[in-house]
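Below is one structure; the comments refer to it alone.
The values are calculated or read from the model by the stated rules, or taken from the named source; none is laboratory data. What you are looking at is a predicted structure, and each value in this text was computed from that prediction instead of being measured. Quick reminder, even Gly has a Cβ in these numbers, built from the backbone with ideal geometry, and neighbours come from all protein chains shown.
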Amino acid sequence: MSITPLRPLPGYYGTVFRRGRTDSDVMAHAVVFSDGARTVAFVSLDVTFIGRPEALRIKEVCQVRTGIPSKDIFIAANHAHSAPSVAASFLDGENPHPVYTDFLVERVVNAVSAAQKSMRPARMAAGNAPAPGIAFNRRLVRPDGTVVLVTVLQGSTDFDFDPSYPASGPVDNDIGYIWFEDLHGVPIGCLMSFACHNHSAGSLYFHRDMFGRTGDAIRQELGVAMPTVFVAGACGDVMWLDPKAGPPADAEAFTWATGRKLAAALLKHVRGAARREIADIRVATSVAEVPDRAPADSEYCDDHCRGKSPKDIAFASARYTPERAAVAVRGDTSCLVEISAVSVGGDVAVATNPAELFVEFGLEIKRRSPFKTTIISELTNGYCGYVPTEQGFRQKGYEAHRTVFTSRLNKQAGRWITERSVQMLEACSRPVAAHGAREVR
């Protein structure tokens, strides 16, 4: 369902406009599945962020209209950058815009309601589809031990870093997925996750970017109008840009090609995966107040994390001078952080958090999970900014620079999110009895 704004809105790259055609509209995708006793809904939105107040509002209206408990509804921003931000994110701009938020709530609730009404008996498959060569760690380590951000500034075709610098960390090459189809093998929908920044289009027009193009490619390949819920994995330090290859000459063509690669990898794995009933759905959730970093424990942009070109320095000054001033006068602040896990079928789970979590934490959560397949869904049911590792803070860089909203939590937050995520997964792993009818949409 389209959630494209009807008027220009501030976005990551500046004011974003409607293109006037539907092939790049930003969308909401919803999948609703049940084991006969418990019903869960997952929604992915082609927006940059969604704040906790906005996510709670959507969840509560969904509960009123559908009867699905709000605690069993998960609203994820897939981090498309050529899209609205439905959260307080930057000090400038109208984020979130109240009129757009009203529009978004109605559209998302309609999507969930439609998915629920069209539920039918189904089976599922799940797994991790390997998709190497797409994601790259975007933090390169300088000789002095600090990092420079791999980026292409808007309107520039030049790299402003040394691509020979080593990456500061790993990547996660797996597409985690849950695939739903009816009893005749006809696809109904899917939930999938990949750990990579979703911003290859770099457009000043609204655009659903490479995660949206993956869904487009799946529908084209199968000839089925199915929802494709694509959530972001732990990708705070990961993006699609190969430092040694340089920026793509045609961003739209590159975005389509990347979407097709992800779709092909997923579909190849799905074809060989075992099908099983949808059974034993469990949900565990924890909400805690996490302190923000104190001004005395904060770094800003003195390390020239994007490079030392005039454009980079101008960007840093415009961005961080007001951020530093705002942090200094706010005093002690904190953020509500919701950590959840959903398990289904006894060996599949989704772990959710509201952070831009470094990939190292996502890999650890998956490694320590008691489930065979664990899918990470970040930027879900709220927004708490970048969460680097302890090494990431020592190396400094863009993601570690203190801001009011986009990098705020204390330096131990990543460890806390990881431990709490594992706890929620373990809570879902306790044996429960199977229930009756199996349905999905």
Report task. Looking at (1) buried (at least 18 other Cβ atoms within 10 Å of the Cβ); (2) more than 20 Å from the chain's Cα centre (by Cα), find the lone condition where F230 falls short. Result -> (2)
Query raised in the report: Is it the case that R282 is touching a Lys or Arg at 6+ places or on another chain (Cβ under 6 Å) and either of a type outside the set (G, A, S) or modelled with pLDDT under 95 (or both)?
Result: no
Report task. Would you confirm whether any residue within region 220-227 is modelled with pLDDT of 95 or more, outside any loop (DSSP other than H, G, I, E, B) and buried (at least 18 other Cβ atoms within 10 Å of the Cβ)? Result -> no
Query - Filter result for S317 (polar (S, T, N, Q), part of a helix (DSSP H, G or I) and over 24 Å from A201 (Cβ atoms)) - result: yes
Report summary line: Note on region 203-219: residues surrounded by fewer than 24 Cβ atoms within 10 Å (Cβ to Cβ) and either in contact with a His (Cβ under 7 Å, 6 or more places away or on another chain) or charged (D, E, K, R) (or both) are D216, R219
Query raised in the report: So which residues in region 47-85 are buried (at least 24 other Cβ atoms within 10 Å of the Cβ), on the phi > 0 side of the Ramachandran plot and over 16 Å from the mean Cα position of the chain (by Cα), if there are any at all?
Result: none
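Yes or no, residue by residue, for (1) in contact with a Gly (Cβ under 8 Å, 6 or more places away or on another chain); (2) in a strand (DSSP E or B):
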site: L6; (1), (2): no, no
site: V16; (1), (2): no, yes
site: R19; (1), (2): no, no
site: V31; (1), (2): yes, yes
site: G36; (1), (2): yes, no
site: S44; (1), (2): no, yes
Requested in this report: Select from region 141-182 the residues that are closer than 21 Å to P247 by Cβ, at pLDDT 95 or above and not β-branched (V, I, T) and list them in ascending order.
Outcome: P166, A167, S168
Requested in this report: Inspect region 288-300 for any residue being closer than 19 Å to L191 by Cβ and modelled with pLDDT of 95 or more and give the result as yes or no.
Outcome: no
Query raised in the report: Is there any pair with a first residue in region 282-307 that is closer than 30 Å to D162 by Cα and a second that is basic (K, R) and buried (at least 19 other Cβ atoms within 10 Å of the Cβ) whose Cβ atoms are under 7 Å apart and which are 6 or more apart or on different chains, and what are they?
Result: S298/R402; E299/K396; E299/R402; Y300/R402; D303/K396; C305/K396
Report task. Can you tell me which residue within region 397-413, out of those that are closer than 19 Å to V147 by Cα and small (G, A, S), is surrounded by the fewest Cβ atoms within 10 Å (Cβ to Cβ)? Result -> S407
